[in-house]
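Visitor: Take a look at the following structure, please.
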Amino acid sequence: MTALPLTSVPAPVRGVTRQLLRDSQYVLLGLPLAVAGFVVVVAGISLSAGLLVTVLGLPVLAGTLYAARGLADLERLRLPAVLRQPRVRPAYRTPEPGAKAWRRIFLPMRDAQSWLDLVHGLFKLVLAIPTFVLTVVWWALAVAGTLYPAYDWAIPRGPDDQDLSQLLGMGDGAVARIAVNTAIGLFCLFTLPLLVRACALLQAGFARSLLTGVAEMRNRITTLEEQKRAAVSAEATALRRLERDIHDGPQQRLVRLAMDLSRARQQLAADPEAARRTLDEAVTQTRDTLGELRALSRGIAPPILVDRGLPSALAALAGRALVPTELAVDPDLGTAGGRLDPAVENTAYFVVAEALTNVAKHSGAAACRVTVTRAADRLVISVVDDGVGGAHPAKGHGLAGIADRVRATDGTLEVVSPAGGPTEIRADLPG
């Protein structure tokens, strides 16, 4: 007995089918939820309006707002399957500690998002009905038309009945009848994913604008504020470190140089040989000062990064590293068409430079590996060493500064460093 080879469904077809089922479920389930929301909201508003002359009107209105919130939360749970975005829930007002009963009753009435939930429950039915009808009709035409040849013989027909093929002038035979109905079924079958997707996006877009739009805007504002604070913190840290390095290095050498030159001027007439030795020391001090200034300038804005791109700049860093470092960088990042935004390039260089400095100072590692890859619109930097581990951004050692720099460019930093090692510093930047 010979085994038949198994055929697998291509991934794109599986993806389209899966999304079609998700969109269909979203649209079809949307109508009963919309009816329930409309009934709850209309009944709650009507009852609270009728009881408004009494004390009971306000609690009923508050209860209606809470019910609309529950239905809105259910809708937010369904949105990610259609919009392919993470779930977002607004931050509703919470009662203050020790708040009285009446303040708790009035709480949802002072929350703007609660009223948006109410509006969604009231008007969702306007979109749910036509999208539901279109989806059901298109599914029915696609299934019935595609399978029409299988059951055409079972349909009873009277002598005066006219088929669609006759009305279109294509004849009254079974072949014409089957051809027309099958063609309609195939057309609806092939356009079904597009139509159902459009219906689902129409419902989901309306829900997103009312139920998560304000929350997304607030989250974005919060993110931008955090990025601004991180950028200011990173800049202040860099300036303090630069000031410290200049004070401890070049400034001290320049003071020494001025003293040597002054001493040489005094020795020039009385002891030319001593003056010559002093000038030699001054020349050495000048060279050392220039070397330190070049090192500081490389930390601020290395010319090789601007001129030749990130791969060459990181290769120079790895070559100067005190710990043997293996470097793997996406070569496209150095080409004219693959260059990143200057701010992202500077951040990537800073991350690797600070990480290698930390490896040399604190890790006790014998080897290090730096990997920089670009996938889609993200740049991933990984610095792994075989040191003692135990690194954490809260402990300082430059990791807090790296975190601020990464956060300022809308990136994320992850430090995995168990006791005993190894340590991985992973930065994810927009690319």
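Visitor: Give the residue that is modelled with the lowest pLDDT, with candidates limited to residues of segment 128-160 that are farther than 15 Å from F190 by Cα and buried (at least 19 other Cβ atoms within 10 Å of the Cβ).
Guide: Step by step, filter segment 128-160, then rank; the result is Y148.
Visitor: Further question: Any chance segment 82-97 includes a residue that's among the small types (G, A, S) and either assigned to a helix (DSSP H, G or I) or without any contact (Cβ under 8 Å) to a residue 40 or more places away in the chain (or both)?
Guide: Within segment 82-97, the first condition is being among the small types (G, A, S), and the residues that meet it are 91.
Subset that is either assigned to a helix (DSSP H, G or I) or without any contact (Cβ under 8 Å) to a residue 40 or more places away in the chain (or both): none.
There is no residue in segment 82-97 that is among the small types (G, A, S) and either assigned to a helix (DSSP H, G or I) or without any contact (Cβ under 8 Å) to a residue 40 or more places away in the chain (or both).
Conditions (1) surrounded by 15 or more Cβ atoms within 10 Å (Cβ to Cβ); (2) hydrophobic (A, V, I, L, M, F, W, C); (3) under 23 Å from P193 (Cα atoms); (4) modelled with pLDDT of 85 or more, marked per residue:
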site	(1), (2), (3), (4)
S24	yes, no, yes, yes
L28	yes, yes, yes, yes
L79	yes, yes, yes, yes
E96	no, no, no, no
K100	no, no, no, no
R103	no, no, no, no
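Listed here are the residues, each with its yes/no results for (1) at pLDDT 75 or above; (2) outside any helix (DSSP H, G or I); (3) loosely packed, with under 13 Cβ neighbours inside 10 Å; (4) over 34 Å from the mean Cα position of the chain (by Cα).
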site: E216; (1), (2), (3), (4): no, no, no, no
site: R220; (1), (2), (3), (4): no, no, yes, no
site: E225; (1), (2), (3), (4): no, no, yes, no
site: T237; (1), (2), (3), (4): no, no, no, no
site: V255; (1), (2), (3), (4): no, no, yes, yes
site: L261; (1), (2), (3), (4): yes, no, no, yes
site: S297; (1), (2), (3), (4): no, no, yes, no
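Visitor: Additional query: Of the residues that sit in segment 324-335 and are at pLDDT 85 or above and of a type in the set (A, V, I, L, M), which one is surrounded by the most Cβ atoms within 10 Å (Cβ to Cβ)? Walk me through how you get there before you give the answer.
Guide: Taking segment 324-335 as the starting set, the residues that turn out to be at pLDDT 85 or above are 324-329.
Now restrict to residues that are of a type in the set (A, V, I, L, M): 327-329.
Details: L327: 17, A328: 12, V329: 23.
Here the answer is V329.
Visitor: Anything in segment 178-212 that is under 14 Å from Q19 (Cα atoms), buried (at least 18 other Cβ atoms within 10 Å of the Cβ) and β-branched (V, I, T)? List them, or say none.
Guide: V196
Visitor: Just one of D385, D410, D404 is modelled with pLDDT under 85, in contact with a strand residue (DSSP E or B) (Cβ under 7 Å, 6 or more places away or on another chain) and either surrounded by fewer than 20 Cβ atoms within 10 Å (Cβ to Cβ) or not aliphatic (A, V, I, L, M) (or both); which is it?
Guide: Numbers: D385 fails: modelled with pLDDT under 85; D404 fails: in contact with a strand residue (DSSP E or B) (Cβ under 7 Å, 6 or more places away or on another chain).
Just a single option satisfies the conditions, and that option is D410.
Visitor: Hey, another quick one. Quick one: would you say G338 is at pLDDT below 75 and out of contact with any His (no Cβ under 7 Å at 6 or more places or on another chain)?
Guide: Yes, satisfied.
Visitor: Would you tally the residues in segment 391-400 being crowded, with 18+ Cβ neighbours inside 10 Å and modelled with pLDDT of 75 or more?
Guide: So the count comes out to 2.
Visitor: Here's another thing I want to ask about it. For segment 411-430, state whether one or more residues are without any contact (Cβ under 8 Å) to a residue 12 or more places away in the chain, farther than 23 Å from A313 by Cα, assigned by TED's automatic domain parsing to the domain that holds R320 and among the hydrophobic types (A, V, I, L, M, F, W, C).
Guide: Here is the first cut: in segment 411-430, the ones without any contact (Cβ under 8 Å) to a residue 12 or more places away in the chain are 416.
Applying the additional criterion that residues be farther than 23 Å from A313 by Cα yields 416.
When the remaining residues are screened for being assigned by TED's automatic domain parsing to the domain that holds R320, the result is 416.
From what's left, among the hydrophobic types (A, V, I, L, M, F, W, C): 416.
Scanning segment 411-430 turns up at least one residue that is without any contact (Cβ under 8 Å) to a residue 12 or more places away in the chain, farther than 23 Å from A313 by Cα, assigned by TED's automatic domain parsing to the domain that holds R320 and among the hydrophobic types (A, V, I, L, M, F, W, C).
Visitor: Which condition number does A343 fail, the rest of (1) touching a residue at least 60 places away in the same chain (Cβ under 8 Å); (2) buried (at least 20 other Cβ atoms within 10 Å of the Cβ) being met?
Guide: All conditions pass for A343, except number (2).
Visitor: Please indicate, with yes or no, whether at least one residue in segment 57-76 is out of contact with any Phe, Trp or Tyr (no Cβ under 7 Å at 6 or more places or on another chain), assigned to a loop (DSSP other than H, G, I, E, B) and modelled with pLDDT under 85.
Guide: no
Visitor: From the set of residues in segment 81-118 that are aliphatic (A, V, I, L, M) and in contact with a helix residue (DSSP H, G or I) (Cβ under 6 Å, 6 or more places away or on another chain), which is farthest from L31 (Cα to Cα)? Talk me through it step by step, then tell me what you get.
Guide: First, pick out the residues of segment 81-118 that are aliphatic (A, V, I, L, M): 81-83, 88, 91, 99, 101, 105, 107, 109, 112, 116, 118.
From the residues that got through so far, the ones that are in contact with a helix residue (DSSP H, G or I) (Cβ under 6 Å, 6 or more places away or on another chain) too are 81-83, 88, 105, 116, 118.
Details: A81: 17, V82: 16, L83: 18, V88: 22, I105: 30, L116: 19, L118: 17 Å.
Looking at the filtered set, the residue picked out is I105.
The values are calculated or read from the model by the stated rules, or taken from the named source; none is laboratory data. Quick caveat, the model's predicted, so the values are computed rather than measured. So basically every Cβ, Gly included, is an ideal-geometry build from the backbone, and we count neighbours across all protein chains shown.
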